[in-house]
1. Any residue at all in segment 266-273 that is open to solvent by less than 30 Å² (accessible area, probe 1.4 Å), in contact (Cβ under 8 Å) with a residue 24 or more places away in the chain, within 15 Å of the ligand (Cβ to nearest atom) and closer than 27 Å to Q162 by Cα?
2. Suppose we filter segment 216-240 for residues that are open to solvent by 10 Å² or more (accessible area, probe 1.4 Å), among the polar types (S, T, N, Q) and in contact (Cβ under 8 Å) with a residue 60 or more places away in the chain; how many remain?
3. Let me confirm something: among A353, A380, which residue is touching a strand residue (DSSP E or B) at 6+ places or on another chain (Cβ under 6 Å), away from the ligand (no atom under 16 Å from the Cβ) and hydrophobic (A, V, I, L, M, F, W, C)?
4. Of the conditions (1) within 16 Å of the ligand (Cβ to nearest atom); (2) under 28 Å from V275 (Cα atoms); (3) polar (S, T, N, Q); (4) touching a Leu at 6+ places or on another chain (Cβ under 6 Å), T247 satisfies every one except a single condition; which number is it?
5. Which helices (runs of 4 or more DSSP H) sit wholly inside segment 343-419 and have at least 2 residues that are modelled with pLDDT of 95 or more?
6. Return the residues of segment 300-314 that are in a helix (DSSP H, G or I) and within 12 Å of the ligand (Cβ to nearest atom); say none if nothing qualifies.
7. What are the residue pairs meeting all of these: first residue in segment 295-310, first residue open to solvent by less than 10 Å² (accessible area, probe 1.4 Å), second residue among the hydroxyl-bearing types (S, T, Y) and part of a helix (DSSP H, G or I), Cβ atoms under 6 Å, and 6 or more apart or on different chains?
8. Tally time: how many residues in segment 167-215 are more than 22 Å from K154 (Cβ to Cβ), open to solvent by 10 Å² or more (accessible area, probe 1.4 Å), within 16 Å of the ligand (Cβ to nearest atom) and assigned to a loop (DSSP other than H, G, I, E, B)?
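The values are calculated or read from the model by the stated rules, or taken from the named source; none is laboratory data. Quick caveat, the model's predicted, so the values are computed rather than measured. Ideal geometry is used to build each Cβ from the backbone, glycine not excepted, and the neighbour counts take in all protein chains shown. Quick note on the areas: whole protein, heavy atoms, side chains included, nothing else; ligands and nucleic acids left out. Shrake-Rupley method; radii C 1.70, N 1.55, O 1.52, S 1.80 Å.
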Amino acid sequence: MDRIRIRGGRSLSGTIPISGAKNAALPLMATALLTDGPLTLTNAPDLADVVTMSGLLSQHGLTVDHDRKARTITLSGAANNLEAPYDLVRKMRASVLVLGPLVARFGRARVSLPGGCAIGTRPVDLHLQALEQMGATIEITAGYIEATAPDGLKGARVIFPQVSVGATENILMAATLAQGTTEIVNAAREPEITDLAACLMRLGARIEGIGTDRLIVEGVTSLGPAVHPIIPDRIEAGTYACAAAITGGQVLLGGARLDHLGAVVRILRDAGVDVAETEGGLKVSRLNGLRGTDVMTEPFPGFATDMQAQFMALMCVAEGAAMITETIFENRFMHVPELTRMGARINFHGHSAIVRGVSRLSGAPVMATDLRASVSLILAGLAAQGETIVNRVYHLDRGYERVEEKLAAIGADIERLPG
Ligand code: UD1
């Protein structure tokens, strides 16, 4: 298995092009199940999760053409297999996003239950309850969700008791082909949802309230073709902002958008990082010391849980202490013991961690069990004295395009060691 070696201590300077967003690409690809297409997505990232989603949609019967050089994915055809098998869903939880579109268009779907993952139990009850409210019958048999709606889905008023990105996406997609009006109350407002709604509109869907927590969808009988550009990855941008900050560097995040970063920008500024909007993207630099800054994860526009591990790495070398509270996932401190092995001073109890800054981390062999935890170790390695080896790189490849090439191009001493 590949590993990544970093020799820390270099400050970074230059431009990092930000790729298309993984978390936007996956639901956007699932929308292709709602139409014969073709749906062409531009600015598509080349990531392991995108390959998994392509495989899932191909086995449903779609034609998927991923042109890596042109950064486009074209999806066309109609599904002829309504089952999403365990092997694919287990690999990537976002596979459950095929459920809403399949039931809405074909009146039936059989999708494996995803099960837990490294960061928490992550149930899909909100997705299922909402589909039931729209008239689907749901049964769980042999580890599979069996959903049927022989006469199609019906519009309903769906009030989510808790904000869920995936459930909002599943129901938004399903509602586009339901009979009548669907109102989604307490909808997630992440930029990826706004992007999904924009793409659905291009396909011919009728949606109001885009960007708010109340989405109103007027069902239509069919959707057509579209070309849609995927938004830049705000989490990748935030991660490289932390790379600039932790090394005391100056980096232009090419194509990144300030309005997509939500509270992350304010927190970075509070911590002593300069973030400025420029024509080509966001300029991030740090000339003075980092300050310990408390943060609590929240749904957008709050501080993203997907940025928590990276921000914790930053706080490991800040002056003073930072309290980091995770409110979205119950088990998202897997990076703490690894950061501790690099000399960080972190105590955690329940959902909160206290990070007491140290003047320098020291390189070590480390490994992590999820995507964002892995990249936080790379950030720590960039600032650490000596050599850090990050094991289990496959987590990184799920969500970061050529991470070592992008960082090496702006001055990091980093390389992939094929395993
Ligand atoms: C998405 C993102 C993930 C991000 C997360 C929160 C994708 C592919 N993944 O994941 O990177 O960390 O949003 O911003 O876009 N929950 C339930 N029942 C449900 C659904 C969710 O209890 O039916 C809970 C979850 O366990 C979690 C919380 O709600 O505690 C938020 O999860 P959700 O927003 O659904 O995350 P995902 O869509 O899985």
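1. no
2. Total meeting the criteria: 1.
3. Only one candidate qualifies: A353.
4. Of (1) within 16 Å of the ligand (Cβ to nearest atom); (2) under 28 Å from V275 (Cα atoms); (3) polar (S, T, N, Q); (4) touching a Leu at 6+ places or on another chain (Cβ under 6 Å), only one is false for T247: (1).
5. 371-383, 403-408
6. Once the filter is applied, which keeps residues that are in a helix (DSSP H, G or I) and within 12 Å of the ligand (Cβ to nearest atom), segment 300-314 yields T305, D306, M307, Q308, A309.
7. Qualifying pairs under 6 Å: T297/T305; A309/S376; Q310/T239; Q310/S376.
8. 3
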